[in-house]
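Take a look at the structure set out below.
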Amino acid sequence: ARDSLATATPGRVTLRDLRKIYGDDKTGTPAVKDIDLDIEPGEFITLLGPSGCGKTTTLRMIAGFETPTAGTIRLDDEVINKVAPNKRPMAMVFQSYALFPHMTVFDNVAYGLKLKKLPSARVTEEVETALTSMNLGPYRDRAPHQMSGGQQQRVALARALVMRPKVLLFDEPLSNLDAKLRVQMRGEIRRLQRRLGITTIFVTHDQDEAMTMSDRIVVMNVGVIEQVDTPQEIYRHPASVFVADFIGRANFLDVDVHEVRDDGAEVGVLGKRWSVGKHPAVAAGDVVTLMVRPESVRLSATDSREVGGSVGRVLSSMFYGEAIEYDIETEAGNLVVSVADPHAHETFTQGDFLDVGFEEGRAWLMPVAADTP
Ligand code: ATP
């Protein structure tokens, strides 16, 4: 059965050579540098990156609040660069909720429909449907200040959805909520999005939020897109050192490259030869680094008493309950190691010598671009 709040048809958003320079076109530095992106109908896509990377600017261009300096934005097959924000079939949910403080919940949600000059009986019907669907029925006559942050954010969502947009836009919507509620709202927004099948573009700098909610993540850095892929692919097969470092934690090892094939590589590190995965761009002779996630490092006791080859030494350990984390000194550099379920494993203490290895299938050889440190 179709949901009572479902949109008619989810939109497809296409960005081509999209650029934004604030201020003087000739002398200004681009906040967004000629990006291409295809957002599929019904997809939940997240723009992720550090402060200043251009994610908000990109979202605001899609919404129509900023004018692109160059390039095109398409909704389905229509170029919408010149369409006013309120004429785009899109709705935005803001970090600050942006509710009208002096209006009731009902009037806040009804506002856009009244602007559209819908007959008042229709407005009432639509608003009641939205409030019920979002479990906000009991709050219809409250003012925003009489509600919690999470409830206010739900009102903001209901106000967006009642307009039946083809695309739903979120600008860091969970940043003002406390940690526990933030996690709860992630699930709530994701379930609602799945239920309605609405195309959703979500901006955040929080990698956990991006990882847990998205069909695909767009990782941005200084105005360019570094990678677009599923959370799993981005975590396991990052396209750049920046992405590997920004999403999750990563060890980077200097290795000797023995052989580069299409589907992998042979490298020497930690006193051994390993067969590892590789990024497609890696070719023989390139400057590369081997990425190993903390949970892919393997440790075992050894009789050796000297750091070198496969032997490392524990510099420190931290107990987290569900995992233990070690800092290990090795000849390939210091490694962060995470051992899940500590009760099931032998634990080590500072000063212990260990045999250090990693899961070959999880190690990832990647290019070191000239501009990454
Ligand atoms: P944040 O998470 O801090 O909002 P962001 O990734 O969303 O960062 P943007 O807000 O898109 O980044 O900003 C990208 C660049 O454009 C930054 O260098 C920023 O200083 C600049 N910028 C953003 N808005 C304006 C503006 N209205 N006028 C001039 N420069 C701007």
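Rule-based calculations on the coordinates, nothing more; no lab input. All values derive from a computational prediction rather than experimental measurement. When we count neighbours, we look across all protein chains shown, and the Cβ atoms used for this are built from the backbone with ideal geometry, even at glycine.
By the scheme Lys and Arg +1, Asp and Glu -1, what is the net charge of all other residues having a beta-carbon under 9 Å from that of V311? The answer is -1. With no solvent and one point on each alpha carbon, what is the Debye value of log10 I(q)/I(0) for the stretch 48-99 at q = 0.27 Å⁻¹? For the stretch 48-99 at q = 0.27 Å⁻¹, log10 I(q)/I(0) is -1.15. Modelled spin labels at A143 and R191, positioned 7 Å past Cα toward Cβ, are 3.2 nm from each other. Between the Cα long axis of helix 179-196 and the first principal axis of the chain there is an angle of about 60°, rounded to the nearest 10.
Think of the stretch 249-367 as having a plus end and a minus end, set by charges on the Cβ of Lys, Arg, Asp and Glu; of W274, V287, G361, V287 sits farthest toward the positive end of this dipole. Pairs of C-alpha atoms in the stretch 13-241 farther apart than 27 Å represent 35 percent of all such pairs. Considering only alpha-carbon pairs that sit under 8 angstrom and 6 or more positions apart, the relative contact order computed for the chain is 16 percent. With both residues required to sit in the stretch 13-241, DSSP beta bridges show an antiparallel share near 50%.
When +1 charges are put on Lys and Arg Cβ atoms and -1 charges on Asp and Glu Cβ atoms, the dipole computed for the chain relative to its Cα centre reaches about 2380 debye. Against the empirical 2.2 N^0.38 Å (N residues), the stretch 249-367 has a Cα radius of gyration ratio of 1.08. The ellipsoid that matches the Cα gyration tensor of the stretch 71-143 has semi-axes, each √(5λ) in whole angstrom, of 28, 15, 12, with the longest given first. Once the Cα atoms are used to define both axes, helix 149-161 deviates from the longest principal axis of the chain by about 60 degrees. Taking Cα centre as origin and charging only the Cβ of basic (Lys, Arg, +1) and acidic (Asp, Glu, -1) residues, the dipole magnitude of the stretch 249-367 rounds to 120 debye.
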